[in-house]
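First comes the structure, then the notes that go with it.
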Amino acid sequence: MDQGIAAPRTPLHQFTVPLSATRRGARLARLLATEQLEAWGLPLDPARLVVAELATNAVVHGRVPGRGFRLTLTVTVDGVLRIEVTDPRGESAPVACDAPPESAESGYGLLLVEESADRWGVLPGPFPCKTVWAELEPGRFR
């Protein structure tokens, strides 16, 4: 995980949508990302998996009653796909562990993100929010 800010890149395409912090909202994030990636002519995997895991984490760990989360997809001119999920729980930063407990039914999400993405990290703010992001290089998902 990268705690720092990734170097800004010039966007070629960008898509942003606010969603409810519910299981339906997390599912809708994956479906909307799929439609957008198809519209841009990009492969769906592993981007769909990363979106699904980050959106689910926003719903499960970043939820504040009455507040939603935001999904942003950006494709840069150099072909990097950046996935961002912003939720209102800035004080609750995700931490990837080496492996979840053997009896755990959850806890694998960030391990999957780490394995699927070239880089990922957390950006604080704007208060009280945080943004969890992941980037996929062109060769990674083509």
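Does segment 45-68 contain at least one residue that is in a strand (DSSP E or B), open to solvent by less than 20 Å² (accessible area, probe 1.4 Å), closer than 12 Å to SER20 by Cα and touching a strand residue (DSSP E or B) at 6+ places or on another chain (Cβ under 8 Å)?
no
What is the number of the single condition among (1) buried (at least 19 other Cβ atoms within 10 Å of the Cβ); (2) at pLDDT 90 or above; (3) within 21 Å of GLU35 (Cβ to Cβ) that PHE141 does not meet?
Failing condition for PHE141: (2).
Which condition number in (1) open to solvent by 80 Å² or more (accessible area, probe 1.4 Å); (2) touching a Gly at 6+ places or on another chain (Cβ under 9 Å); (3) at pLDDT below 95 is the one that THR10 fails?
(2)
Suppose we keep only residues that are in contact with a Ser or Thr (Cβ under 6 Å, 6 or more places away or on another chain) and closer than 22 Å to ASP78 by Cβ within segment 13-43. Which one would you say is least open to solvent (accessible area, probe 1.4 Å)?
THR16
To keep it simple, each residue is scored yes or no on (1) touching a strand residue (DSSP E or B) at 6+ places or on another chain (Cβ under 9 Å); (2) among the charged types (D, E, K, R); (3) open to solvent by 20 Å² or more (accessible area, probe 1.4 Å); (4) modelled with pLDDT of 75 or more.
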site: GLY90; (1), (2), (3), (4): yes, no, yes, yes
site: PRO94; (1), (2), (3), (4): yes, no, yes, no
site: SER116; (1), (2), (3), (4): yes, no, no, yes
site: PHE127; (1), (2), (3), (4): no, no, yes, yes
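Return a yes/no flag: does segment 16-27 have any residue that is modelled with pLDDT under 95, in contact with a helix residue (DSSP H, G or I) (Cβ under 9 Å, 6 or more places away or on another chain) and in a loop (DSSP other than H, G, I, E, B).
No.
The values are calculated or read from the model by the stated rules, or taken from the named source; none is laboratory data. For clarity, every value in this text was computed on a predicted model and none was experimentally measured. Here the Cβ is made from the backbone with ideal geometry for all residues, glycine too, and neighbour counts use every protein chain on show. When the accessible area is computed, the model is the full protein with side chains, heavy atoms only, and any ligands, DNA or RNA have been set aside. Shrake-Rupley method; radii C 1.70, N 1.55, O 1.52, S 1.80 Å.
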